[in-house]
1. Of everything in region B:434-444, what is of a type in the set (A, V, I, L, M) and not in a helix (DSSP H, G or I)? Give them in sequence order.
2. Consider region B:80-89. How many of its residues are in contact with a helix residue (DSSP H, G or I) (Cβ under 8 Å, 6 or more places away or on another chain) and more than 8 Å from chain C (Cβ to nearest Cβ)?
3. Quick check on residue C:164: is it aromatic (Phe, Trp, Tyr) and surrounded by fewer than 22 Cβ atoms within 10 Å (Cβ to Cβ)?
4. Could you list, ordered by first residue, the pairs with Cβ atoms under 9 Å in which the first is in region A:190-208 and in contact (Cβ under 8 Å) with a residue 40 or more places away in the chain and under 14 Å from residue A:102 (Cα atoms) and the second is in a helix (DSSP H, G or I) and among the hydroxyl-bearing types (Ser, Thr, Tyr), at least 6 apart or interchain?
5. Only one of B:413, B:431 is under 17 Å from residue A:67 (Cα atoms), of a type outside the set (Asp, Glu), in a helix (DSSP H, G or I) and more than 12 Å from chain A (Cβ to nearest Cβ). Can you tell me which?
6. Answer yes or no as to whether residue B:136 is in contact with a strand residue (DSSP E or B) (Cβ under 6 Å, 6 or more places away or on another chain) and assigned by TED's automatic domain parsing to the domain that holds residue B:179.
7. Do you know which residues across region A:243-259 are more than 16 Å from the chain's Cα centre (by Cα) and facing another protein chain (nearest Cβ under 8 Å)?
8. Could you tell me whether region C:83-103 includes any residue that is within 10 Å of chain B (Cβ to nearest Cβ), under 20 Å from the mean Cα position of the chain (by Cα) and at pLDDT 90 or above?
Amino acid sequence: MTKHSYANKQWLSGYLFLSPALLFYALFLVFPFCFSLFLSFTEWGGFDLATIRWVGLANYRQLFSAESAFLHPILTNTFTFAFGTVAISFVCSLAVAYMIARLRWEGLWRTLYFLPSVTTVVAIGNIWLYMYSPTNGLVNKALELLGLSKQSFLHDPDLALGSIIVVGGWLGIGSSMLILTAGLKAIPEDYYEAAELEGAGLWKTFVFITFPLLRPSVMFVLITSFIGGLQSFTLTMVMTGTGGPGNATNVAGLEMYNQAFSFGNWGIASAMAFILFACIFIMTMIQMALFRRGGVESYE
Amino acid sequence: MKKRMALTLLALLTIVMAACSSSGGADSPGTDSGESGSGKTAQKPVTLTLLSHYVGQNEVAFKPYIDQWNSENPDIQIKLTPVDFGELLRTIMTKQTAGQAPDLMHIYTLWGGQLAKNNVLAFAPDDVAADIEANYPASAVAASSIDGRVYGYPTEVQAYGLFYNKKLLQEAGYGGPPKTWDELIEMAQHIERDDGSGMPSVQGFGFLRGYAGKVVQPFMALMATAGGTLLTDDMSAAALDTEAAKRTIDLYAKVYGKDGITDIGFPTQQAFGSGKAAMTIEAGWWAGSLKTLMKDGYADIGAAPLPSPDGLTQGSLAYTWAWSVNAKSKHQEEAWKFLKWFNTQKVKNDMTPQGNFLLEGFNVISTRASDMESETIKRKLEEDPVTKVFADALQYARPEQNPAAAAEIQDALFKQIENMWADKATKEEALAAAQKEIQAKLGK
Amino acid sequence: MRRRKTPWVSYLIIAAGSVMMIFPFLDMIFSSFKGADEYNRMSYSLLPDSFRWDNYRQAIESLQLGLLFRNSLARTVAVTALVLITSSMAAYALAKLRFRGRGFVFQFIVSTMMIPGFLFFIPNFYLVTHFPLVGGNDLLGNNGYGGLATSMLSLILPFSVSAFGIFLMRQFMMTINDAYIEAARIDGASEFRIFFTLILPMALPALATLAIFEFIGQWNEFIWALIIYSVNPELATLPVGVQMLKDHLDPSLTQPLLMAGLVMTTMPVLIVFIFLQKYYVRGMMNSGLK
């Protein structure tokens, strides 16, 4: 077999192997992406293609206008939610992953921390909704036992978003922990032995050995959970319906969903989706750049 | 261990293939709308799909009448599609997009404008329209019309009133419910009790909350007692810059928020059902719910017309549901035939199927003239003072205005009121912002 | 990792943390036995007045549990299988075959992970309901009675490829030594033969991980299932069905049913996971995702 025909054959089988995935991408991703982009410049109720009306930048102009609630509070809420949940789940999962690696019954602990991640968000949202009940919820009972006054977590707009963020963070600990544990296990034992010989304590070992070597996992966890956080709205939908009180817990995904499927404003909804896409794109680029400067190879 | 995993995977794949092929089989046309689509000739039996929010217990009460129709009319069969109220509008919208338009729909008339704009609603034939205009209260007819053209039979027409707990009022030394807004606030403050935990143990007065309609409808009802409406009469402009609107938002600001008389987190709806809240505002249907929930405790519940600023003006808001026919339906004639029977034919107790169903299912009285004159309803009103309060309110209640953006408009006002309660905006700011937003949505 | 003296502080923190992880589940289980009046009380109690199994009977009655379970299972299993197939095939090409455009395709797939999922809800909903030649649609996708939304495929197809899956499988396959493949090629094996008889068996741990990952994700997926449900209630999945138990007008009446429904939805998955977690965790660790 000549070198030339060999390469040709790989070309053919390469695309053959890729064809199911690429066909899917063309149908359910590229086409919808373009369609959605087009819709974002139109006004349409979603029923009849003949009734699509081109409105140019009007949808975007409306969303960016001063009286629109989209930039603030909805988009700011979206970012707060993403930052908040990532911060909580990342810090907790790092601590948990680092600690349980040196404990007995490692598998048991890991299972317990992972349970929320296998549970449907519908269940999580409803359980916490009940736990946050201002009169007969578990959380207020706990506050009462600590001698604090009762709070109406989901009705008080200063607390509502934070209360949902706590649930989102709690929920995210499991999967982040798993990826970080995988990263921890990949660090060669010699490094720790060397550190021990040098007389480094637990904390020093973590700061100077574990964390730097863990960086690729950390980056993966941060980027994926941040992207996930920006998109997620099931929890909000289950816990506060349309994002109330007022718009206090409303996030971009939820608003888009209601605009499209309840009010029939498909154009506006598509424009919202693209604004959020732009945000996610920029944030991811920034995160990747920061980490690359930190000396971490990305996944290319 | 690897072997076991391989086996598991193989088993998994087999199941999948089976699942895929069986789900592929479900692909063939065989759904009911498919059947109705093919039955073009008059002789062939037609199946009409009916979409409503009558689920659970309501469905149980509703079904016998549908069964009766189906057995008497083998040519026109009705198939029920019940969904929860919270999903109804979305279901109508998505089904329409999907080409699965239900032939018959029970809709909340607030959505009338939006649905008409998207060509979902068929207008009533002339004889039906004439019958409706002659036999229902003016506010219900107005709500079931778009630009003066009737599109459906009014069904649940519900006015708002004040619910109160006689026992809690008596314990605080009050013989009867408040007549004016000032009395309402004053009495509420007297009745309110706090156990020091940060949450009231007994609430004097609270609004029910949860979704837009729950907050905005009482707002419009109270605004009516102050002589105002949300939009101008021709629905072309927002009317939140009026004196009535200012007085109403003032009342709202007195209930929750930093100057509020009670805590917004207190679950008024639940608490009222367990005798821990003294007064709230809700529509008449709630009496039926409370009866089921409270059992003997229901004897303590009273109802009264809404208090007004001057204690003299009567005012309320009535919302309306209506039976309507889909403009995309291929069997509109048959659909109207069914609706005529369901809404006008006396079948038992000297009432229409609709009249019987409302009474059995919700403890609510039908607003059709012939039903209201029936012995059953007359007796009911004599026996049940709570129901009577709400029936009387229908006479003076205003209809809910339904421009195309009605649902969005209520949403805008709802969010502004909640912002104000949350101290994110003063009452003046909230009202001005709502006025501006509503105006923008009307202009679209 | 070496164990030095017993790290009591770590034990304490981890144990306290795990109480916080499982307590909500305990609360859910106990609450599922409470009566409607107990939800209206003004103070919290963990235990119900009495264990009302009747809540479960009522929930099962109003849930159509059989239908929900069947739908959830069919959808989850089908998506999982499709994702395994498409991911491993694409990953093999991207990891082990050399051809023009490979880098670009990989970059493209990875970058799709950045697009918010809900961007696709709108166009895909239109696409699914106006899919040509199914559900009564004509060639242009019009005049039908639901298109793909009349069938289970509407819940399956939009999820049949996962960028994460491709990525995960590629990372794993990169670790497979090229020498095996070269040897097979010299023996004259076709790429398909190599893929099925050599690569797939080696990739089993990664496949198992991906399978569990997808299974959990699809079993719990809510938004798309809710959208499809509003077109076709026959396609309700468990999370959707349970959420629909909630009565919007008067939530306090249906609360006990909701809690019982939630327990029945979540417990099977939790129990299955507890038994399979070993494989999942091990797979995640060996998957090259570090």
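The values are calculated or read from the model by the stated rules, or taken from the named source; none is laboratory data. All values reported here derive from a predicted model rather than from experimental measurement. For neighbour counting, all protein chains shown are included, and Cβ atoms are generated from backbone atoms with ideal geometry for every residue, glycine included.
1. Filtering region B:434-444 down to residues of a type in the set (A, V, I, L, M) leaves B:434, B:438, B:440, B:442.
Once the filter is applied, which keeps residues that are of a type in the set (A, V, I, L, M) and not in a helix (DSSP H, G or I), region B:434-444 yields nothing.
2. If we filter region B:80-89 for residues that are in contact with a helix residue (DSSP H, G or I) (Cβ under 8 Å, 6 or more places away or on another chain), which is where we start, we get B:80-83, B:87, B:89.
Imposing the further condition that a residue be more than 8 Å from chain C (Cβ to nearest Cβ) reduces the set to B:80, B:82, B:89.
Within region B:80-89, residues that are in contact with a helix residue (DSSP H, G or I) (Cβ under 8 Å, 6 or more places away or on another chain) and more than 8 Å from chain C (Cβ to nearest Cβ) number 3.
3. Details: aromatic (Phe, Trp, Tyr): yes; surrounded by fewer than 22 Cβ atoms within 10 Å (Cβ to Cβ): yes.
Here the answer is yes, as residue C:164 does meet what is asked.
4. Short answer, once both residue conditions are applied: A:206/A:98.
5. Working: B:413 fails: more than 12 Å from chain A (Cβ to nearest Cβ).
From the options B:413, B:431, the qualifying one is B:431.
6. On the way: in contact with a strand residue (DSSP E or B) (Cβ under 6 Å, 6 or more places away or on another chain): yes; assigned by TED's automatic domain parsing to the domain that holds residue B:179: no.
For residue B:136, the condition - in contact with a strand residue (DSSP E or B) (Cβ under 6 Å, 6 or more places away or on another chain) and assigned by TED's automatic domain parsing to the domain that holds residue B:179 - is not met.
7. Of everything in region A:243-259, those that are more than 16 Å from the chain's Cα centre (by Cα) and facing another protein chain (nearest Cβ under 8 Å) turn out to be A:244, A:245, A:246, A:247, A:248, A:256, A:257.
8. Narrowing region C:83-103 to residues within 10 Å of chain B (Cβ to nearest Cβ): C:84-85.
Filter once more, keeping what is under 20 Å from the mean Cα position of the chain (by Cα): C:84-85.
Restricting the remaining residues to those that are at pLDDT 90 or above gives C:84-85.
The answer is yes, given that some residue of region C:83-103 is within 10 Å of chain B (Cβ to nearest Cβ), under 20 Å from the mean Cα position of the chain (by Cα) and at pLDDT 90 or above.
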